[in-house]
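The values are calculated or read from the model by the stated rules, or taken from the named source; none is laboratory data. Everything numeric here is computed off the predicted structure, so don't read it as measured data. Just the protein is used for accessible areas: all its heavy atoms, side chains included, with ligands, DNA and RNA removed. Shrake-Rupley method; radii C 1.70, N 1.55, O 1.52, S 1.80 Å.
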Amino acid sequence: AVSRTRILATGGASHNKKILQVLSDVFNAPVYTIDTANSACLGSAYRAIHGLVAEKNVSLADVVKLAPEPRLAVTPTAGAE
(Lines give C-alpha, C1' and ligand atoms only; values in the text may rest on other atoms or scores of the structure.)
Protein backbone atom coordinates (compact mmCIF):
# COMPACT_ATOMS: atom_id res chain seq x y z
CA ALA A 1 0.00 0.00 0.00
CA VAL A 2 1.21 3.48 -0.83
CA SER A 3 1.43 5.83 2.16
CA ARG A 4 -0.51 9.05 1.82
CA THR A 5 1.50 10.67 4.62
CA ARG A 6 3.04 14.00 3.80
CA ILE A 7 4.49 16.79 5.88
CA LEU A 8 3.66 20.47 5.39
CA ALA A 9 6.48 22.61 6.80
CA THR A 10 5.88 26.27 7.59
CA GLY A 11 7.80 29.05 9.30
CA GLY A 12 11.47 29.93 9.21
CA ALA A 13 12.81 26.38 9.23
CA SER A 14 10.84 25.62 6.07
CA HIS A 15 13.46 27.59 4.15
CA ASN A 16 16.25 25.25 5.27
CA LYS A 17 16.49 22.26 2.89
CA LYS A 18 18.77 20.32 5.26
CA ILE A 19 16.19 20.46 8.06
CA LEU A 20 13.44 19.49 5.61
CA GLN A 21 15.52 16.54 4.39
CA VAL A 22 15.96 15.27 7.96
CA LEU A 23 12.18 15.48 8.51
CA SER A 24 11.57 13.62 5.27
CA ASP A 25 14.06 10.88 6.11
CA VAL A 26 12.90 10.43 9.72
CA PHE A 27 9.21 10.18 8.82
CA ASN A 28 9.81 8.54 5.42
CA ALA A 29 7.44 11.03 3.81
CA PRO A 30 7.68 13.87 1.30
CA VAL A 31 7.87 17.39 2.73
CA TYR A 32 5.94 20.26 1.17
CA THR A 33 6.15 24.01 1.79
CA ILE A 34 3.92 26.95 0.92
CA ASP A 35 4.93 30.48 0.01
CA THR A 36 2.59 32.34 2.34
CA ALA A 37 3.50 35.08 4.79
CA ASN A 38 2.58 34.22 8.39
CA SER A 39 1.87 30.63 7.37
CA ALA A 40 1.89 29.46 10.99
CA CYS A 41 -1.43 31.29 11.44
CA LEU A 42 -2.95 29.84 8.30
CA GLY A 43 -4.57 26.82 9.97
CA SER A 44 -6.28 29.03 12.54
CA ALA A 45 -7.55 31.33 9.83
CA TYR A 46 -9.12 28.44 7.91
CA ARG A 47 -10.74 27.11 11.11
CA ALA A 48 -12.19 30.59 11.72
CA ILE A 49 -13.61 30.71 8.20
CA HIS A 50 -15.04 27.24 8.73
CA GLY A 51 -16.73 28.45 11.92
CA LEU A 52 -18.33 31.34 10.04
CA VAL A 53 -19.82 29.09 7.36
CA ALA A 54 -20.55 26.04 9.57
CA GLU A 55 -24.31 26.61 9.66
CA LYS A 56 -24.32 26.43 5.86
CA ASN A 57 -22.97 22.83 6.09
CA VAL A 58 -19.67 23.74 4.43
CA SER A 59 -16.99 21.20 5.39
CA LEU A 60 -13.51 22.15 6.56
CA ALA A 61 -12.16 20.24 3.54
CA ASP A 62 -14.12 22.59 1.24
CA VAL A 63 -12.79 25.66 3.07
CA VAL A 64 -9.18 24.42 2.87
CA LYS A 65 -9.51 23.93 -0.90
CA LEU A 66 -8.99 27.70 -1.06
CA ALA A 67 -5.50 27.31 0.42
CA PRO A 68 -2.39 27.90 -1.69
CA GLU A 69 -1.10 24.70 -3.29
CA PRO A 70 1.88 23.27 -1.36
CA ARG A 71 5.13 22.76 -3.29
CA LEU A 72 7.16 19.59 -2.99
CA ALA A 73 10.43 20.54 -1.27
CA VAL A 74 12.15 17.18 -0.58
CA THR A 75 11.52 13.43 -0.69
CA PRO A 76 12.95 10.71 1.55
CA THR A 77 16.49 9.60 0.79
CA ALA A 78 16.53 6.01 -0.48
CA GLY A 79 17.91 3.70 2.20
CA ALA A 80 17.90 6.31 4.98
CA GLU A 81 17.36 4.86 8.44
Computing the accessible area with a 1.4 Å probe over protein heavy atoms, can you report the carbon and sulfur percentage for the range 1-72? 58 percent
Residue order for VAL26, VAL53 - accessible surface, 1.4 angstrom probe, largest first: VAL26, VAL53
Note to self, the chain gives a 222 nm [θ] from helices alone (DSSP H runs n ≥ 4, -39500 (n - 2.57) apiece, / all residues, nearest 500) of -10000 deg cm²/dmol
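Distances over 20 Å make up what percent of all Cα-Cα pairs in the chain?
In whole percent, the long-distance tail amounts to 44.
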Let me have the relative contact order for the range 7-74, percent, based on Cα pairs under 8 Å that are six or more residues apart. 42 percent
Which value, in Å², gives the accessible area per residue of the chain when a 1.4 Å probe is used on the protein heavy atoms? 75 Å²
Which far-off residues, 5 or more places away or on another chain, put their amide H under 5 Å from the one on TYR32, with H placed in the peptide plane? ILE7, LEU8, ALA9, ALA73
